[in-house]
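Visitor: Please find one structure pasted underneath; my questions will follow.
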Amino acid sequence: MNLEKVVFGFFIVLSATLNFGFFIGEIDNPIHHEVWGLFAAIAVNLIATILKFGDRTQIGALHLATSLVADLQLLGAAIAWAYAAHMSGDGMTAAATARVVSLAGGALLANFVSLVLMIGETLMLRR
């Protein structure tokens with residue numbers, strides 16, 4: 001067992017599950033989407049991105065690309081949430097919540113692609 005691969009896989013799966021936990025629920029209901037869930041998804045996704053910097057293989061480049069896309073989408077969701085909650089006069093409306101959740105859904109898709117790449121890479125390993 002390779003401890004580095006365990007940590008790498010742990011953070012990829014944790015990032016995807018936290019992102020899914022934030023995404024699930026009615027898209028326009030702010031009660032269904034906790035801000036701490038978004039914060040945890042961003043933090044773990046950033047850690048997963050840092051772990052992917054050391055891999056110089058073609059699959060590693062794809063892992064890094066998908067993780068950067070997820071980071072960008074999640075940070076966009078956080079900026080949209082902060083703008084709606086603290087800068088706009090309307091607060092977290094249904095439209096603002098839908099915008100945040102849609103961006104998190106894009107990040108979820110990128111994390112799903114990363115999971116598929118990781119599973120494919122694992123299945124191709126030979127002893």
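Visitor: Using 0.36 nm times the number of residues separating Phe39 and Met1, minus their current alpha carbon distance, what extension gain do you get?
Guide: Working: separation 38, 0.36 × 38 = 13.68 nm, distance 3.13 nm.
Gain in length upon complete extension: 10.6 nm.
Visitor: With θ set to phi - 60°, apply the Karplus curve 6.51 cos²θ - 1.76 cosθ + 1.60 along region 9-16 and write out the HN-Hα couplings as whole Hz, x wherever there is a Gly or Pro.
Guide: Once θ is set to phi - 60°, the couplings for region 9-16 become x, 4, 6, 5, 5, 5, 4, 5 Hz.
Visitor: Related question: Given a 1.4 angstrom probe, what's the average accessible area per residue across the chain, in square angstrom?
Guide: 61
Visitor: Shape call for the chain from the C-alpha gyration tensor, a ≥ b ≥ c root eigenvalues: rounded (a/c under 1.5), prolate (a/b greater than b/c) or oblate?
Guide: The shape class here is prolate.
Visitor: Can I ask one more? If I take the Cα coordinates of region 57-117 and project them onto the principal axes, what are the three extents in Å, biggest first?
Guide: Reported extents, whole Å, longest axis first: 48, 16, 9.
Visitor: From Cα pairs below 8 angstrom and at least 6 apart in sequence, can you work out the relative contact order of the chain, rounded to a whole percent?
Guide: Answer for the chain is 33 percent.
The values are calculated or read from the model by the stated rules, or taken from the named source; none is laboratory data. On a predicted model such as this, the values are computed, not experimentally measured, just so you know. Note: areas computed on protein heavy atoms with side chains; ligands, DNA, RNA excluded. Shrake-Rupley method; radii C 1.70, N 1.55, O 1.52, S 1.80 Å.
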